[in-house]
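Have a look at the structure that comes next, please.
The values are calculated or read from the model by the stated rules, or taken from the named source; none is laboratory data. Every value quoted in this text rests on a predicted model; they were computed, and no experiment measured them. Neighbour counts are summed over all protein chains in view; Cβ atoms, including those assigned to glycine, are modelled from backbone coordinates with ideal geometry. Keep in mind that these areas ignore ligands, DNA and RNA; they rest on the heavy atoms of the full protein, side chains included. Shrake-Rupley method; radii C 1.70, N 1.55, O 1.52, S 1.80 Å.
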Amino acid sequence: MNTRTDRPVFLDLRKIRMPVMAVVSIFHRASGILMVLSIPAFIYLLDLSLRDEAGFRAVIEILRSTPVKLFGVVLVWALAHHLFAGIRFLLLDMDQGVDVTEARKTAWMVHAAAIAATLMAIGVML
Ligand code: HEM
């Protein structure tokens, strides 16, 4: 069996300069996981809001609090990034934009579009 001894044994992710396509890929996974994990909170808020008038008012209060608004901004970014990156991945699966120059360009476009959508959402929320 061929055992290589020159393989890296320690990878410091902070020191690796990742290409923009890798960052899109990592963010896509992270945003998907974040959205899934936030589903119970949404179900709880929906349930509370439908219980009675007091519950509905309590949900309004929760949604108006600054930490929840900030989390909302992160979630909007997560959804926007996941949507745009997901479309990009589906196009790549269909062999569209696989050339490295084009793939780099579309990766930057995903970041830009997600940030633009988030800024628009902030504008609506404020
Ligand atoms: C908005 C439209 C969406 C599109 C176009 C989309 C697209 C995709 C695609 C193409 C993948 C597979 C990526 C790959 O090949 O590795 C994926 C993975 C995933 N999506 Fe979505 N998605 C969307 C919405 C959502 C939502 C709303 C959630 C969560 C509530 C979600 C959660 C996930 C998760 C957890 C994964 C697996 C991530 C991974 O392991 O890499 N997606 N999505």
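Could you please give the count of residues in segment 100-126 that are closer than 18 Å to Val20 by Cβ, open to solvent by 50 Å² or more (accessible area, probe 1.4 Å) and of a type outside the set (Lys, Arg)?
7
Among the residues of segment 85-99, is any open to solvent by 70 Å² or more (accessible area, probe 1.4 Å) and aromatic (Phe, Trp, Tyr)?
no
Same structure, new question: Looking at (1) within 22 Å of the chain's Cα centre (by Cα); (2) outside any loop (DSSP other than H, G, I, E, B); (3) within 16 Å of the ligand (Cβ to nearest atom), can you tell me which one Gly97 breaks?
All conditions are met except number (2).
Further, regarding this structure: For residues that are closer than 12 Å to Leu34 by Cβ and either in contact with a Ser or Thr (Cβ under 8 Å, 6 or more places away or on another chain) or within 8 Å of the ligand (Cβ to nearest atom) (or both), tally how many sit in segment 72-85.
Residues meeting the conditions: 7.
Right, another one. Is it the case, given these coordinates, that Gly72 is in contact (Cβ under 8 Å) with a residue 40 or more places away in the chain and open to solvent by less than 50 Å² (accessible area, probe 1.4 Å)? Show your work before the answer.
Values: in contact (Cβ under 8 Å) with a residue 40 or more places away in the chain: yes; open to solvent by less than 50 Å² (accessible area, probe 1.4 Å): yes.
In short, yes.
Let me ask another. If you take the residues in segment 18-68 that are aromatic (Phe, Trp, Tyr) and without any contact (Cβ under 8 Å) to a residue 24 or more places away in the chain, which one is nearest to the ligand (Cβ to nearest atom)?
Going through segment 18-68, the residues aromatic (Phe, Trp, Tyr) turn out to be 27, 42, 44, 56.
Next cut, without any contact (Cβ under 8 Å) to a residue 24 or more places away in the chain only: 42, 44, 56.
Details: Phe42: 10, Tyr44: 15, Phe56: 24 Å.
Filtering segment 18-68 for residues that are aromatic (Phe, Trp, Tyr) and without any contact (Cβ under 8 Å) to a residue 24 or more places away in the chain, the one nearest to the ligand (Cβ to nearest atom) comes out as Phe42.
Please go through (1) out of contact with any Ser or Thr (no Cβ under 7 Å at 6 or more places or on another chain); (2) within 15 Å of the ligand (Cβ to nearest atom); (3) more than 21 Å from Ile43 (Cβ to Cβ) for Glu102 and return the number of the only condition it doesn't satisfy.
With (1) out of contact with any Ser or Thr (no Cβ under 7 Å at 6 or more places or on another chain); (2) within 15 Å of the ligand (Cβ to nearest atom); (3) more than 21 Å from Ile43 (Cβ to Cβ) applied to Glu102, the lone miss is (2).
So, in segment 39-67, how many residues would count as being polar (S, T, N, Q) and surrounded by 11 or more Cβ atoms within 10 Å (Cβ to Cβ)?
1
Which number in (1) open to solvent by 100 Å² or more (accessible area, probe 1.4 Å); (2) modelled with pLDDT under 95 marks the one condition that Ile16 misses?
Only one criterion in (1) open to solvent by 100 Å² or more (accessible area, probe 1.4 Å); (2) modelled with pLDDT under 95 is unmet by Ile16, namely (1).
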